[in-house]
1. Spin-label point model (7 Å from Cα, Cβ direction): what's the HIS59 to ILE26 distance in nm?
2. When the chain is fully extended, how far beyond the present Cα-Cα distance does GLU44 get from ARG9, taking 0.36 nm per residue of separation?
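Please treat every number below as a calculation from the coordinates, not as lab data. A quick note: this is a predicted structure, and the numbers were derived from the prediction, not measured. Virtual Cβ from ideal backbone geometry, glycine too; neighbours counted across all protein chains shown.
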Amino acid sequence: MLGGRRGGRAVAPRAEEAVLSVRFSIFDSFDLGDRPDAGTVLGERLDFAVAAEAAGIDHYHVTEHHGTPLSSVPRRTSSSPR
């Protein structure tokens with residue numbers, strides 16, 4: 001038992017018991033929105049990722065909606081390597 005109550009009274013956890021921690025992540029997308037170009041979006045998202053890391057965020061994930069209005073990342077063309 002990690003701390004809690006025993007016999008109706010509160011007890012502290014023992015020093016040798018495990019300490020639980022929570023890690024946070026961000027799941028982001030590179031939406032073009034009203035920005036003038038993909039370079040602006042990428043610059044803003046990079047600044048955001050750096051700030052998130054400085055704030056203690058553990059992971060930064062990006063969606064992959066290539067070639068759709070949901071992403072400013074272009075889709076592969078027929079001449080692109082597969």
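1. The answer from the label model is 1.6 nm.
2. Between GLU44 and ARG9, full extension yields 7.4 nm more.
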